[in-house]
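Below: the structure, in structure tokens.
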Amino acid sequence: MDDQTKNLIQTHIDNNEVCLFMKGTPDAPQCGFSMAVSNMLKILEVNFKGINVLEDQALREGIKKFSDWPTIPQLHIKKEFVGGCDIVKEMYENGELKKILSEKNISFKN
């Protein structure tokens, strides 16, 4: 991965408390897994930044290397990689995702 891509990824993670690298956008997801994670965050009413990896092939491949995770979407909370769709779904269903968001003082929409 080139430095420009690595810096772009790091900037997104540093500047957004909840950052979702996804295919498409939160309003127009381009895959079911990205839509599922985006919808879980919307249901929890979390402010999050969706990064469309389909707009940049270097970003799409780079995020996989950056997180050492082979699939997209990828959720980062307060600079920490949380996981992909299956992990986030499990955490959502057992209440762990909401707990982590609360513990990290992530603001919910009012």
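Just so you know, all these numbers are worked out from the coordinates, no wet-lab data involved. Note that the structure is predicted; figures quoted are calculated from it, not measured. Here the Cβ is made from the backbone with ideal geometry for all residues, glycine too, and neighbour counts use every protein chain on show.
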Residues whose built amide H sits under 5 Å from the amide H of T25, excluding neighbours closer than 5 in sequence, are Q30
Given H placed on each backbone N at 1.01 Å, which residues far from V18 in sequence or on other chains put an amide H within less than 5 Å of it?
K49, K78
Taking the chain, how much of its Cα-Cα pair set, in percent, is spaced more than 20 angstrom apart?
33
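Contact order normalised by length for the range 3-103, with contacts defined as Cα pairs under 8 Å and 6 or more residues apart; what percent is it?
Across the range 3-103, relative contact order equals 32 percent.
Kindly work out what percent of the DSSP beta bridges joining two residues of the chain are antiparallel, to the nearest 5. Before the final figure, lay out each step's value.
Details: 10 of 14 bridges.
Percent antiparallel among DSSP bridges in the chain is about 70.
Taking a ≥ b ≥ c as the square roots of the Cα gyration tensor eigenvalues, with a/c under 1.5 meaning rounded and otherwise prolate when a/b beats b/c, else oblate, which class fits the range 1-63? Don't jump to the answer; show the numbers that get you there.
Numbers: a/c = 3.10, a/b = 1.50, b/c = 2.07.
Oblate.
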Which residues' amide hydrogens lie under 5 Å from the amide hydrogen of G83, considering only partners 5 or more residues apart or on another chain, with H built in the peptide plane?
L75
If you take the square roots of the eigenvalues of the alpha-carbon gyration tensor of the range 34-73 and sort them as a ≥ b ≥ c, do you get rounded (a/c under 1.5), prolate (a/b over b/c) or oblate?
prolate
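Quick check for me: using +1 on Lys/Arg Cβ and -1 on Asp/Glu Cβ, what's the dipole size of the chain about its Cα centre, in debye to the nearest 20?
Numbers: 14 positive and 16 negative charges, 39 e Å.
It comes to approximately 180 debye.
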